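Shown next, in structure tokens, is the structure this report addresses.
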Amino acid sequence: MEHLSNNLAELAQQGLYRSRRIVESPQSINLQIDGKQYINFCSNDYLGLANHPEVIQAFKNAADTYGVGSGSAHLICGHSSAHHALEEELAAFTGRDRALLFSTGYMANMGVIATLVSRSDTVFQDRLNHASLLDGALLSGARFKRYVHTDTKQLDELMSCNTSAKKLIVTDGVFSMDGNFAPLPELSTIAKARKAWLMVDDAHGLGVLGQHGGGVLAHYGLTQNDVPVLVGTLGKSFGTFGAFVAGSEELIETLIQKARTYIYTTALPAAVAEATRASLKRVIADTWRRDKLIHLIDRFKLGAQQLHLPLLPSNSPIQPLMIHDTKQAVMVSNFLYEQGFLVSAIRPPTVPQGGARLRITLSALHEDKHIDRLLDAFAKIHKS
Ligand SMILES: *Cc1c(COP(=O)(O)O)cnc(C)c1O
């Protein structure tokens, strides 16, 4: 145990110690912490559905109908009519043959990658992919190649000298800490030419991009034929919990038979599935939420530009402000907290060494005044 306390002291010394704030209110634009109110700029509830009355009501009604626990894994007796209906609706929403629910996005990614490839195969991943995608590749035992962020030329070179039986290209759709989009049309062309599968994890694009929230694939007009494996998470824009994989009949049947993170875990509560069905209706219908986000993103970027803030180029609700130095990122985040704003400092290993940043996220429930107040706080920091 002495070993552990030494490690912890070292983390603290490097400004890498992480701690949790205890939230006393529902997820929303205003959070109560320690009895005080904060304006929230760090949640992934981009559309503001986590606390939507229709979603809450669907959850309550379903608890009355189905109870709370699902009782077992999907393959035993935990797969309810609520889960099944949600899968059919997600398949229709994404324009794919079928969809399969997983308990979390982390488990979906681990399960899919480890099912599709193994030792004699190769996985190609963008260097900035989400941790769950990297872990899925490690779990699979396949050869693991990482390419420079969005560098499709380097990817194609790596693939040209690869002789593996199966090749899988994996990418975030919208990069979780940078907010930019993957170059999907090019990736899809390369995948077809190299006879590889392309898998996209669109945790941050679904709901936010595309006319009806179809995500980064809808944004680029790509289909199941272009991107055979799509992973979506339900804890972000959908405001609930869980994840899904969508694709061909064969893909989904294979996952049901083989994906260990699907087979050996308890199904989500049916009430979560029913709440998600209600939120999916809002995702599709409420185009005003996406329009509002576009407006807020523009307003924030313009204000940040006037203050010469070093934002990364991003057209998504994820707006990263580069600080580089880890301790300084924590200092700025703490200063903002004292001013009543919740903005998270993202540090290594979540981002590369020297890449510490503030990850500012916007929600359809923010108002202009929230954005303006945050910019005012940045103006103050700039002066001091
Ligand atoms: C959040 C996230 C996940 C994990 O999803 P959970 O349902 O929270 O486990 C996977 N991939 C990406 C890109 C994410 O941002």
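For region 275-289, the residues whose backbone nitrogen is under 17 Å from a point 7 Å from the Cα of Glu88, taken along Cα to Cβ, are 275-278, 280-281.
Surface listing: Met177, Met159 arranged by accessible area from highest to lowest gives Met177, Met159, probe 1.4 Å. Extension gain, His324 to Lys36, is 100.7 nm, computed as 0.36 nm per intervening residue step minus the present C-alpha separation.
Springs join every pair of Cα atoms under 10 Å in this Gaussian network model of the chain, and among Gly69, Gly247, Gly173 the largest mean-square fluctuation is at Gly69. Summing charges over all other residues whose Cβ lies under 14 Å from the Cβ of Ile252, with Lys and Arg as +1 and Asp and Glu as -1, gives -3.
Full extension of the chain between Asp291 and Arg260 gives 7.2 nm of extra length, using 0.36 nm per residue less the Cα-Cα distance. Here the Karplus curve 6.51 cos²θ - 1.76 cosθ + 1.60, taken at θ = phi - 60°, turns the phi angles of region 371-384 into couplings of 4, 5, 5, 5, 4, 4, 5, 5, 4, 4, 4, 4, 5, 7 Hz, with x standing for Gly and Pro. First check a/c for region 53-285, with a ≥ b ≥ c the square roots of the eigenvalues of its C-alpha gyration tensor; if it is under 1.5, answer rounded, and if not, answer prolate when a/b is larger than b/c or oblate otherwise. Judged from the Cα gyration tensor, region 53-285 comes out prolate (a/c at least 1.5, a/b above b/c). Net length available on complete extension from Gln154 to Arg299 is 48.7 nm, with 0.36 nm assigned per residue and the Cα-Cα distance removed. Charge tally for Ala191 (other residues, Cβ to Cβ under 9 Å; Lys, Arg +1; Asp, Glu -1): +3. Working from the Cα coordinates of region 1-96, the gyration tensor eigenvalues give, after taking √(5λ), semi-axes of 37, 22, 16 Å in decreasing order. Applying a DSSP loop filter and a limit of 14 other Cβ atoms within 10 Å to the trypsin sites (Lys or Arg not before Pro) in region 1-68 leaves Arg18, Arg20, Arg21.
Taken as Cα centroids, region 110-129 and region 229-270 sit 17 Å apart, rounded to the nearest whole angstrom.
Measuring nothing but how far apart in sequence close Cα pairs (under 8 Å, 6+ apart) lie, relative to its length, the chain scores a relative contact order of 23 percent.
The distance between label points at Ile22 and Ala73 comes to 3.7 nm (points 7 Å beyond Cα on the Cα→Cβ vector).
Computed from backbone phi with θ = phi - 60° and the Karplus coefficients 6.51, -1.76 and 1.60, the 3J(HN,Hα) list for region 43-58 is 8, 9, 7, 4, 9, x, 9, 4, 10, 6, x, 5, 5, 5, 5, 4 Hz; x is used for glycine and proline.
For the chain, a crude dipole built from +1 on the beta carbon of Lys and Arg and -1 on the beta carbon of Asp and Glu, taken about the Cα centre, is about 600 debye to the nearest 20. Only helical runs count toward this figure. For the chain, summing -39,500 (n - 2.57) over DSSP H runs of n ≥ 4 and dividing by all residues gives -13500 deg cm²/dmol at 222 nm.
If R0 is taken as 22 Å, the Cβ-Cβ distance between Lys281 and Thr65 corresponds to a FRET efficiency of 0.80.
Where Lys and Arg each count +1 and Asp and Glu each count -1, what net charge lies around Thr233 among other residues with Cβ under 10 Å from its Cβ? Local charge sum for Thr233: -1.
The values are calculated or read from the model by the stated rules, or taken from the named source; none is laboratory data. Here the structure is a predicted model, which means the values were calculated and not measured. Cβ sites come from the backbone with ideal geometry, for glycine too, and all protein chains shown count toward neighbours. Accessible surface is based on the protein model in full, side chains and every heavy atom, while ligands, DNA and RNA are left aside. Shrake-Rupley method; radii C 1.70, N 1.55, O 1.52, S 1.80 Å.
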